[in-house]
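The values are calculated or read from the model by the stated rules, or taken from the named source; none is laboratory data. Being a predicted model, the structure only gives us computed values, none of them experimental. Note that we place each Cβ from the backbone using ideal geometry, even for glycine, and neighbour counts take in every protein chain shown.
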Amino acid sequence: MTDNRKALIEYRLTQANESIREADVLHQSGMSLRSVMNRLYYSMFYAVLALLQEKKLGTSKHSGAIALFDREYVKTGSFPKEMSRALHRAFALRQKGDYMEETEVTVNDIEEIRPIAEEFVAGVKKHLSQDTTPSLV
């Protein structure tokens, strides 16, 4: 792997970690749950972008990145189906908060996704460091 790809992977993983911390700060300071969910989803999205760099893959759309994650990592058995379900769920909740009128992201939604986002990012890091296959509770 080239130094440039390694640097981009590290950058994406840093973004993933920062997004989780940002979600925590937003939540603790009473900011909108929509914003908290946005950051939690983005933590997972950035982790997926790091993975896609491993295989020199990319896309300009969120749905494309999720589809590539499913095709390249879930269907091949590198990641369990639970991680795909978690990513799809976080994406749906982010869409709900950002684009649907008269709907709200709830505290229960945040409590559901927050630990999953952290596990997702940790699983990606573990994979990229060539440890054993990650699992999602």
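Kindly list the number of the only condition in (1) of a type outside the set (Gly, Ala, Ser); (2) surrounded by fewer than 17 Cβ atoms within 10 Å (Cβ to Cβ); (3) under 21 Å from Arg5 (Cβ atoms); (4) touching an Asp or Glu at 6+ places or on another chain (Cβ under 9 Å) that fails for Tyr46.
(2)
Run Pro115 past the list (1) surrounded by 14 or more Cβ atoms within 10 Å (Cβ to Cβ); (2) part of a helix (DSSP H, G or I) and report the number of the one that doesn't hold.
Against the list (1) surrounded by 14 or more Cβ atoms within 10 Å (Cβ to Cβ); (2) part of a helix (DSSP H, G or I), Pro115 comes up short only on (1).
From the list Leu26, Leu49, which residue is within 16 Å of Ile113 (Cβ to Cβ), in contact with a Lys or Arg (Cβ under 7 Å, 6 or more places away or on another chain) and aliphatic (A, V, I, L, M)?
On the way: Leu49 fails: within 16 Å of Ile113 (Cβ to Cβ).
Sole residue among the options that is within 16 Å of Ile113 (Cβ to Cβ), in contact with a Lys or Arg (Cβ under 7 Å, 6 or more places away or on another chain) and aliphatic (A, V, I, L, M): Leu26.
Name the single residue, out of those in the stretch 47-83 being assigned to a loop (DSSP other than H, G, I, E, B) and closer than 20 Å to Tyr99 by Cβ, that is modelled with the highest pLDDT. Show your work before the answer.
The initial filter retains those residues of the stretch 47-83 that are assigned to a loop (DSSP other than H, G, I, E, B), namely 55-61, 75-80.
Add one more test, that the residue is closer than 20 Å to Tyr99 by Cβ, and what stays is 59-61.
Details: Thr59: 89, Ser60: 85, Lys61: 94.
Once the filter is applied, the top-ranked residue is Lys61.
Inside the stretch 24-46, can you point out the residues that are among the polar types (S, T, N, Q) and either in a helix (DSSP H, G or I) or touching a Leu at 6+ places or on another chain (Cβ under 6 Å) (or both)?
At the first step, the residues of the stretch 24-46 found to be among the polar types (S, T, N, Q) are 28-29, 32, 35, 38, 43.
Gln28, Ser35, Asn38, Ser43 - these are the residues of the stretch 24-46 that are among the polar types (S, T, N, Q) and either in a helix (DSSP H, G or I) or touching a Leu at 6+ places or on another chain (Cβ under 6 Å) (or both).
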